[in-house]
């Protein structure tokens, strides 16, 4: 049987329908056809020619080549099951026990052989261990001592891989926890790297990947200079390649190893790429795959980081909604991108359980969403003022001072676009009062001041505000990371003839 056939006969009805639904939504028509045909055939003895004819109508050389490529590709698509249901094979363990107790040993062994082969292929250690114990005990009862020993030796390797994974996770949690960052000793870095390095050549794929990831995470966590080298980027890309070649391999449930690697890659690129390159890369990371379902219960911090980069890029490049009909005339491609990001933000805001400990992150996520709303209709811009004012009022007791400049930048922009210049003035005064002793992000601080000065000039025509705006232009001149801010200043000055 082909690998994909083995998976299909091992699925229960729930997981089969989940997989079919995924293929339908992905418009994977031929893989879906293959899955349906494999499910129809089930355990019947049919060679690949029969399946090939069912898919392509005949089984000539060309068709069989395409068929085997399709079978391999469809097996790789079981990554959906591996990511979302890493224990999707385990129900077969009790299924085998039932069949044995019914006196159908031959049928049970056939199922167990296929299950063991598939479990080892996808590194489902729990299931593989159960099957190796099953065959070892059966061999012992039948007085086949050498076979029993052989299965137990294979089982020892599975147990070793499980122990190695647990040791890596345990070491990470004990020694590299973000809440202990301030007390970490950078001199310990070599000790950490040595520990994780011993697993980089492990026989098990999952252990190798996790060991390599942990080494890179250590460098990133402690901001070691080696993390920002070309060798690190090559290693991150190689890890991604390895995962793409073996997407069906299962990792611990709710550990999104691929996203963890993507996040490390983004951090590396932030230090090297210009804004446009970073935006393209973060967009690719956001779109490259479906987010595992378990994230519905938690805040996906890496995904939020990707969205934050997109929000900053689109607001700085297209945040000129004060111009007449500007938002309505954005290029179609840009509007489609913004619509995608708005939907993604809404999914996160609506599906995440925002308990008390996540209030600051909720406010940050809300602000990211509002940045995309600023690029929409007048009604959406009005919604920004309602959402941001609501957050400032409802979470007065929450310490989120570090977000004040970002929130007020968004709020001031919205009121300015709505031509509510008195509200701009009120926001500016609140901002100055709340952030007086704080260290402010220059880009946000200058943006807030720019809109305030422009609003005051429009309302009063006093030259002092023109002079203040000119002062901001001088301040941003030649400063590399304030180029977009200067572009805004120049556009405000030119559009309103200040």
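The values are calculated or read from the model by the stated rules, or taken from the named source; none is laboratory data. This is a predicted model, so every value here is computed, not measured. Every residue, glycine as well, gets a Cβ built from its backbone with ideal geometry; the counts of neighbours run over all protein chains shown.
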Legend entry - Condition check for residue 161: outside any loop (DSSP other than H, G, I, E, B), at pLDDT 90 or above and touching a helix residue (DSSP H, G or I) at 6+ places or on another chain (Cβ under 8 Å): yes
Legend entry - Filtered residue count, segment 247-258, keeping only those that are surrounded by 20 or more Cβ atoms within 10 Å (Cβ to Cβ) and in a helix (DSSP H, G or I): 1
Legend entry - Residues located in segment 103-119, provided they are surrounded by 17 or more Cβ atoms within 10 Å (Cβ to Cβ) and under 21 Å from residue 246 (Cβ atoms): 114, 115, 116, 118, 119
Legend entry - Candidates 322, 314, filtered to the one that is within 30 Å of residue 454 (Cα to Cα), outside any helix (DSSP H, G or I) and touching a helix residue (DSSP H, G or I) at 6+ places or on another chain (Cβ under 8 Å): 322
Legend entry - Inter-residue pairs, beta-carbon under 7 Å, first crowded, with 22+ Cβ neighbours inside 10 Å and in segment 208-230, second in a loop (DSSP other than H, G, I, E, B) and at pLDDT below 90, 6+ apart: 218/176
Legend entry - Which numbered condition residue 41 misses (of (1) surrounded by 15 or more Cβ atoms within 10 Å (Cβ to Cβ); (2) within 30 Å of residue 294 (Cα to Cα)): (2)
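Matching residues to (1) more than 32 Å from the chain's Cα centre (by Cα); (2) in contact (Cβ under 8 Å) with a residue 24 or more places away in the chain; (3) closer than 30 Å to residue 362 by Cβ; (4) surrounded by 22 or more Cβ atoms within 10 Å (Cβ to Cβ):
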{"residue": "395", "(1), (2), (3), (4)": "no, yes, yes, no"}
{"residue": "415", "(1), (2), (3), (4)": "yes, yes, yes, yes"}
{"residue": "435", "(1), (2), (3), (4)": "yes, yes, yes, no"}
{"residue": "447", "(1), (2), (3), (4)": "no, yes, yes, yes"}
{"residue": "459", "(1), (2), (3), (4)": "yes, yes, no, no"}
{"residue": "471", "(1), (2), (3), (4)": "yes, no, no, no"}
Legend entry - residue 381, sole failed condition from (1) surrounded by 14 or more Cβ atoms within 10 Å (Cβ to Cβ); (2) over 27 Å from the mean Cα position of the chain (by Cα); (3) at pLDDT below 95: (3)
Inset, instruction - Have a look at 467, 419, 432 and point out the one that is out of contact with any helix residue (DSSP H, G or I) (no Cβ under 8 Å at 6 or more places or on another chain) and not in a helix (DSSP H, G or I). - result: 419
Legend entry - Considering residues of segment 335-346 that are surrounded by 14 or more Cβ atoms within 10 Å (Cβ to Cβ) and under 22 Å from the mean Cα position of the chain (by Cα) only, the residue nearest to residue 291 (Cα to Cα): 344
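For every residue, the table says whether it meets (1) over 25 Å from residue 127 (Cβ atoms); (2) modelled with pLDDT of 95 or more.
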position	(1), (2)
155	no, yes
169	no, yes
185	yes, no
192	yes, no
197	yes, yes
Inset, instruction - Could you please give the count of residues in segment 23-50 that are under 16 Å from residue 69 (Cβ atoms) and at pLDDT below 90? - result: 2
Inset, instruction - Would you be able to tell me the number of residues in segment 305-326 that are at pLDDT below 90 and more than 25 Å from the chain's Cα centre (by Cα)? - result: 0
Legend entry - Residue, farthest from the chain's Cα centre (by Cα), within segment 1-16, restricted to residues that are closer than 13 Å to residue 85 by Cα and surrounded by fewer than 18 Cβ atoms within 10 Å (Cβ to Cβ): 12
Inset, instruction - Pairs only if they're at least six apart or on different chains, beta carbon under 7 angstrom, first in segment 89-104 and under 11 Å from residue 130 (Cα atoms), second surrounded by fewer than 17 Cβ atoms within 10 Å (Cβ to Cβ); list them, first residue then second. - result: 90/126
